[in-house]
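Here's the structure we're looking at; comments come further down.
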Amino acid sequence: MRATTARAYPNIALVKYWGKADEDLILPAAGSLSLTLDHFETTTTVVPAPDAEADVLELDGAVADGGQTSRISVFLDHVRALAGREDRVLVRSRNSVPTGAGLASSASGFAALATAAAAAFDLDLDARDLSRLARRGSGSACRSVAEGMAVWHAGDDASSFAESITAPDMRMIIVTVNRARKAVSSREAMRLTAATSPFYSGWVSSTEDYLTQMVAACAAEDFTRIGEITESHALRMHGLIQSTVPPIRFLNPTSHAIFDAVAEARESGIEAYSTADAGPNVAVIVRPHEAEALAGQLSAFGDVRVVGPGPGAHLLTDADEVPAAGDNAAAADSPVAGEGSRA
Ligand code: DP6
C-alpha cells in the first residue's frame, strides 16, 4: 500500500437521478446525464494506517464526526474486500464545494476517494470499474469519474457505470443563493419519494424517455433541445419531490425568481436554461459567448460563477502540488472557504 492523492470535480445533472432500484448497490431506477465541472474540486489523500483500529477522516483540516466517518468506512470496507486487505487508513479531504447545499459535493468527494483509495490499495481498475466503485459511495459520484458530459447507465452492478459522450461546448452559471446545509439529505428525500409519491413510476419511465432524447440531442449538438429537456426535467423532479408525504421543498422564492429571470433572458435573445439539484441553488446552461453577460444579470440573485466542462477524477503526483497535512490552500481558493464539509 502507498499514500495517494486524487482530485475530482462535482457534476450537475441535466437529466436527474432521483430514486434507486437497489439501495445497497446504489443502482439507479433510471439512467441520468450530467456535466462534470471545472470548478469546486475535492482533493483527497488516502494514507495507510496499518496500526490504527479504525479509519480516520479529516475534512478541511478537522477530524470529521462519527456519521461522516462511518459512511466513508462502509465505502472503504468495500474497497478492502476488493483488495483482500484489512488495513485501516487516514483520509484527508479538502472540499471547495458548499456542503450539502445542492452543489453535488458528495459526487466530487466519493469520486476523489474512490480514485485515491483504489490506487492506495493497488487495485487495477479501468475507467468503467472506477466509476462503478465511486457509485457505491454516492450514486452521482460515478459521473464525476468521467470528464465533461457523462451518461450513467441504469442496469445491474456490472453494467451501471458512467461514461463520457460528446456534446456541444457550453457554460454553466452557478448561482449560489444559500450555502446552508439542507435540512433533508438527497438520500433520505429520494427514499421518501419512492415510498410516498403517487407520481414516482411516471417519473421513472419519463426519465428514461428524456435520457434517450437527451443523448440524441447531445450527438446532434442541438443546444436548444438539450436546454428544453434540462429545464423541464428539473421542474419535474422538484414537482415530484413536493408530492412526497410529508412534502419536501428544496427550491425557495429566489430559486424561482432565477428560473423566471432566465426565461426572460430567453425572450430577449440570450438562450439559457435552468436546473437545480436538491437545494435552492440554480445552475444555468448557456452558450459560451453569452455566459458572462448573463452571469452579470443573474448576480442580482446571489454569488455567480461561470464554469465549464471539467476533467474526470484523476490521481495527483507530487509535481501537481499534493497538499500537505494542515495545508488549506485548496479551500482558500473556494468561494466558500472554510464553510464546507461533505454531505
Ligand atoms: C438531485 O448521488 O447524492 O443531485 O446516491 O444517495 O448518495 P446517493 O444520492 P446523490 O443524489 C444526487 C441527486 C441529485 C440529482 C443528480 O445528481 O442526478
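At-a-glance table
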item: Per-residue ³J(HN,Hα) for segment 142-151, Karplus 6.51 cos²θ - 1.76 cosθ + 1.60, θ = phi - 60°, Hz, x for Gly and Pro; result: 4, 6, 6, 6, 9, 7, x, 6, 9, 9
item: HN-Hα J in Hz across segment 38-52 - Karplus 6.51, -1.76, 1.60, θ = phi - 60°, x for Gly and Pro; result: 10, 9, 6, 6, 10, 10, 10, 10, 10, 10, x, 9, x, 8, 6
item: Over segment 1-88: Rg over Rh, Cα atoms, Kirkwood Rh; result: 1.01
item: Lys, Arg +1 and Asp, Glu -1 on Cβ, resulting dipole of the chain about Cα centre, debye, nearest 20; result: 740
item: C-alpha long axis of helix 66-83 to longest principal axis of the chain, angle in °; result: 70
item: Ellipticity estimate at 222 nm from DSSP helix runs (n ≥ 4, -39,500 (n - 2.57)) divided over the chain, nearest 500; result: -11500 deg cm²/dmol
item: Of 207, 36, 224, the one that fluctuates the most in a GNM where the chain has Cα springs shorter than 10 Å; result: 224
item: Over 40 Å [Cα-Cα, the chain], rounded percent; result: 8
item: Angle between the chain longest axis and helix 105-120 axis [Cα atoms, degrees, rounded to 10]; result: 30
item: Residue order, fewest to most surrounding Cβ atoms within 10 angstrom, among 231, 221, 290; result: 221, 290, 231
item: Residue 252 paired with residue 290, simple spin-label distance in nm, labels 7 Å along Cα-to-beta-carbon; result: 2.9
item: Antiparallel DSSP beta bridges within the chain, as percent of all bridges there, nearest 5; result: 90
item: Gaussian network model of the chain, springs between alpha carbon atoms under 10 Å - residue of 38, 122, 24 with greatest fluctuation; result: 24
item: Most mobile of 301, 40, 223 in a GNM of the chain (Cα contacts under 10 Å); result: 301
item: Degrees, to the nearest 10: 186-196 long Cα axis against longest axis of the chain; result: 60
item: The chain: relative contact order in percent, alpha carbon pairs under 8 Å with at least 6 residues between; result: 27
item: Pairwise centroid distance, computed over Cα atoms, of segment 117-158 with segment 209-258, Å; result: 24
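Rule-based calculations on the coordinates, nothing more; no lab input. All figures in this text were calculated on a predicted structure; none of them were measured in a lab. When we count neighbours, we look across all protein chains shown, and the Cβ atoms used for this are built from the backbone with ideal geometry, even at glycine.
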